[in-house]
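Structure first, then comments.
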Amino acid sequence: MKSFDMRGFLKRNRLNETAGFTLIELMIAMVIGLAVIASLYQSYIFMSDLNRKQGGKVDAIQNARNAMDILTRDLRMIGSGAPDSVSAKITAADDKSITYLANFWNISTELSARASNGDGTLTVVSSSGFIDGQNIYICNDSGASAVILLDNDPTDGTTIDLPANLGANYSNGCPVNVVDTVTYEYEGSPNEIKRTLTPVNTLNSGNKEVLADNIDYVQFNYFDSSGTEIGTVGTALTAGEISSIQRIKVLVVGLSPDEDGPIVTTTYGDASTSTDGKSRIYLESDIKLRNVS
């Protein structure tokens with residue numbers, strides 16, 4: 001009768017206890033791991049796409065707000081610095097653009113001594129900000145100068161040289177204002193709002209500045225003092241219509257840079273359309289003009 005080998009039995013049991021996974025167990029573990037990785041990857045793709053879409057909407061909101069802030073601020077300046085004798089403070093207007101006069105850089109001073117008929121210089125409180133190439137007006141209660149185009153920088157801090165001698169008298173304390181011509185226009189390709197300032201000098205380049213991009217639509221609507229709309233969308237206003245403008249309603253539509261939703265067709269007030277899956281942000285502002293009589 002064979003004797004029982006206790007040491008061999010224990011050794012075999014220890015080997016069994018430390019044996020590795022079977023091939024089937026490894027395959028099951030791999031399948032489960034791949035399923036988990038695939039699920040995590042799909043979650044990552046979903047969150048990345050969601051973040052991209054949300055970022056696009058934020059960009060659209062920011063672009064529209066920036067454009068509206070600039071337009072609202074600057075359009076309220078229409079006519080600033082121009083005397084009442086200048087009736088055409090808005091010189092051109094339609095539903096996509098507007099051109100007007102304004103003291104855009106807020107450069108002004110006052111006469112510190114009477115300016116007499118025949119004088120070739122103005123003695124002012126300060127000539128700071130006045131430069132060659134600017135248009136200026138000298139204003140007072142009883143009258144105002146015609147526009148004067150400066151052809152030299154001031155010779156000192158209290159003197160402004162004139163291109164020609166004055167043809168009228170202006171009393172001490174009369175305001176002297178710089179007045180620029182400002183144009184805002186919307187270009188549908190490449191979806192930008194642009195601004196041009198003239199006359200050309202070291203402050204005004206005369207070039208179109210891009211103020212906002214990814215703007216899908218802009219519309220200016222004009223109203224008279226009674227709230228009646230002036231003109232027709234798609235048609236430039238006549239001089240008579242322009243002279244009665246007292247209020248401007250502005251619509252700005254910001255556009256997300258990438259498609260982030262279902263493809264739809266958007267129709268605007270001028271009958272133009274856009275078909276895509278991009279988000280749009282609509283902002284409106286109603287602007288009462290302060291310096292237009």
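A few comments on the model shown:
- Restricting the stretch 78-93 to residues that are within 24 Å of the chain's Cα centre (by Cα) and not polar (S, T, N, Q), the residue that is surrounded by the most Cβ atoms within 10 Å (Cβ to Cβ): Gly81
Per-residue answers, yes or no, for (1) over 30 Å from Leu150 (Cβ atoms); (2) polar (S, T, N, Q):
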position	(1), (2)
Thr232	yes, yes
Ala239	no, no
Asp258	yes, no
Ile263	yes, no
Gly277	yes, no
Tyr282	yes, no
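- Output for the stretch 54-98, where each listed residue is of a type in the set (Asp, Glu) and either part of a helix (DSSP H, G or I) or farther than 19 Å from Asp286 by Cα (or both): Asp59, Asp69, Asp74, Asp84
- Any hit, the stretch 166-173, residues being more than 30 Å from Gln62 (Cβ to Cβ), among the aromatic types (Phe, Trp, Tyr), touching a strand residue (DSSP E or B) at 6+ places or on another chain (Cβ under 7 Å) and touching a residue at least 24 places away in the same chain (Cβ under 8 Å): yes
- Qualifying residue in the stretch 166-189 (condition: aliphatic (A, V, I, L, M) and over 31 Å from the mean Cα position of the chain (by Cα)): yes
- Restricting the stretch 132-146 to residues that are at pLDDT 95 or above and not acidic (Asp, Glu) leaves a set whose member that is nearest to Ala82 (Cα to Cα) is Tyr137.
- If you check Ile281, Ile248 for being within 20 Å of the chain's Cα centre (by Cα), of a type in the set (A, V, I, L, M, F, W, C) and closer than 19 Å to Glu192 by Cα, only one passes: Ile281.
- Filtered residues of the stretch 201-222 (kept if polar (S, T, N, Q) and either out of contact with any Lys or Arg (no Cβ under 9 Å at 6 or more places or on another chain) or modelled with pLDDT under 95 (or both)): Asn201, Thr202, Asn204, Ser205, Asn207, Asn214
- Filtered residues of the stretch 164-176 (kept if exposed (fewer than 15 other Cβ atoms within 10 Å of the Cβ) and over 22 Å from Asn106 (Cβ atoms)): Ala164, Asn165, Gly167, Ser171, Asn172
- Whichever residue in the stretch 36-73 is surrounded by 18 or more Cβ atoms within 10 Å (Cβ to Cβ) and within 30 Å of Leu101 (Cα to Cα) and, among such residues, is modelled with the lowest pLDDT: Asn63
- Sole residue being of a type in the set (A, V, I, L, M) and either touching a helix residue (DSSP H, G or I) at 6+ places or on another chain (Cβ under 6 Å) or modelled with pLDDT under 90 (or both), chosen from Ile281, Ile242: Ile281
The values are calculated or read from the model by the stated rules, or taken from the named source; none is laboratory data. Computed from a predicted model, the values in this text were never measured in an experiment. Please note: Cβ atoms are built from the backbone with ideal geometry, for glycine as well, and neighbour counts cover all protein chains shown.
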